[in-house]
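Comments concern the structure below.
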Amino acid sequence: SRIHETVAKLTEMVSATFKRRMPSGGTIHIEDIQDQVELSLMRAGEHKIARDYVIYREEHARARADKVDEQEEVSPHLGIHITQSDGSRIPLDIKRINTIVAEACAGLADVSENDIIDEAMKSLYDGVSQEELSTSLVITARTLIEQEPNYSYAAARLLLDDLRAEALNFLGVAQNATQADMAELYARALPTYIERGIELELLAPNLASYDIDALGKALLPERDLQFTYLGLQTLYDRYFIHSDETRIELPQIFFMRVAMGLATEEDNPTERAIEFYRLLSSFDYMSSTPTLFNAGTLRPQLSSCYLTTVPDDLHGIYGAIQDNAMLSKFAGGLGNDWTPVRALGAYIKGTNGKSQGVVPFLKVVNDTAVAVNQGGKRKGAVCSYLETWHMDIEEFVELRKNTGDDRRR
């Protein structure tokens, strides 16, 4: 009776765990159940039984693995074939998928490899493209983030597999690389990246003067695992250098490129670049967006903001608007002080007329900011300033309202 009571108590503990995780029900993989059985045995002090149970699981896992290997040698997994970019078809490599997902989930609490794989497989079909296969894995992990935040790291690591395929194939360094391979491949990829980037006129030629081998050895592939999904996706969408929409950077190469750009004027640029790289890639410090965009490129513009004063004459006003356009194209955010410009109704000596004030010009400034964004990488940003003693201040502060004359709003 004692054994029956203990078993019933442990069973209830395991059941309660899954009821908390999945209050609306769902499918549970056998491995997840067995993991909880192990934990329950240990927490209940049944260490000898737990040890025997671990050995039992290991023996059966080996037997299943041998059986799976035999089956995969006979036929492709589920009869699914992958359509490659050149149109050829190859059998689905389920072993590589297991490896990629296992790497993505390694060291993350409450994250299940089987949940990601099982759910992703449901959306696959014979002839699916490699891109769709990768997207399916990433999206599956993304949908699980609301259940467990650690899936954000898993999704980022699955996205890394796409990044590796895109960048390393372009550089001709490797195909189908895993995160474990990057300890070797990062050092090989950096010199090729610098060479191709200079050749394509995307990187500054002076980057070739660094000790590239030393920089390659300094790259830390394990820091790729620090990214959440949103952070890595943002880097991919907006920050990584691309050639015809193909991203040629990987996270650690990206940080090293920025570090090299920052170290160009230092006494020992290679040592300083490694120092900057370690700081950036640790996330203890992060440069502003213009630095991340431009460091190490042909236009190494590192400043975020530009403040100007608009003079009180027509040439000066439209000269300031032209300056806004050029600064926005190549630089960062803008701030214009419009205080010197005369107010509405003020006398104009050249025409013997009256001024329209500051507000109509601000509409032109706004349209310019929309038309000329920041190098095609993000929206233009302009702030307009007016001292509170200016005669147009009341109309100025009402500009955000949705009512009034369109020409002055």
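The values are calculated or read from the model by the stated rules, or taken from the named source; none is laboratory data. This is a predicted model, so every value here is computed, not measured. Backbone-built Cβ (ideal geometry, glycine too); neighbour counts: all protein chains shown. Keep in mind that these areas ignore ligands, DNA and RNA; they rest on the heavy atoms of the full protein, side chains included. Shrake-Rupley method; radii C 1.70, N 1.55, O 1.52, S 1.80 Å.
Key figures
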read-out	value
Accessible area (Å², per residue) of the chain, counting only protein heavy atoms and a probe of 1.4 Å	57 Å²
Kirkwood hydrodynamic radius over Cα pairs of the chain, then Stokes diffusion coefficient at 20 °C and 1.002 mPa s, in µm²/s	82 µm²/s
In order through region 21-36: 3J(HN,Hα) via Karplus (6.51 cos²θ - 1.76 cosθ + 1.60), integer Hz, x for Gly, Pro	6, 10, x, 9, x, x, 9, 10, 6, 4, 5, 5, 4, 5, 4, 5
Charge sum, other residues only, whose C-beta stays under 11 Å from Glu46's C-beta, Lys/Arg counted +1 and Asp/Glu -1	+2
Kirkwood hydrodynamic radius over Cα pairs of region 182-295, then Stokes diffusion coefficient at 37 °C and 0.692 mPa s, in µm²/s	233 µm²/s
Residue-count net charge about Phe293 - beta-carbon cut-off 10 Å; Lys, Arg +1, Asp, Glu -1	+4
For region 176-216, size of Cβ-based charge dipole, Lys and Arg +1, Asp and Glu -1, in debye	60 debye
For the chain, share of DSSP beta bridges that run antiparallel, in % to the nearest 5	40 percent
Computed over the chain: relative contact order in percent, which uses C-alpha pairs under 8 Å that are six or more apart	8 percent
Estimated [θ] at 222 nm from DSSP helical runs (n ≥ 4, -39500 (n - 2.57)) normalised by residues in the chain, nearest 500	-17000 deg cm²/dmol
Of all DSSP beta bridges in region 248-382, antiparallel share, percent nearest 5	35 percent
In range of the label at Ser243: residues from region 145-173 whose backbone nitrogen is under 20 Å from the point 7 Å along Cα→Cβ	162-173
Cα-based reach from Lys122 at 22 Å (exclusive), listing lysines while leaving out same-chain residues under 8 positions away	Lys95
Eligible lysines near Lys379 by straight Cα distance, threshold 29 Å, same-chain separation 8 or greater	Lys329, Lys363, Lys401
Distant-in-sequence amide H partners of Ser384 (H built 1.01 Å from N, under 5 Å)	Asn336
Mean Cα-pair separation over length for region 91-214, i.e. relative contact order, pairs under 8 Å, 6 or more apart, %	20 percent
With at most 13 other Cβ atoms within 10 Å, longest stretch of the chain clear of loop chymotrypsin sites (Phe, Trp or Tyr not before Pro) (DSSP)	126-282
Amide hydrogen neighbours beyond the local backbone of Ser243, cut-off 5 Å, H modeled	Ile248
Relative packing of 126-134, 243-251, 44-52, which averages over residues the other C-beta atoms within 10 Å, highest first	243-251, 126-134, 44-52
Positive minus negative residues near Ala259 (Lys, Arg vs Asp, Glu; Cβ under 15 Å)	-2
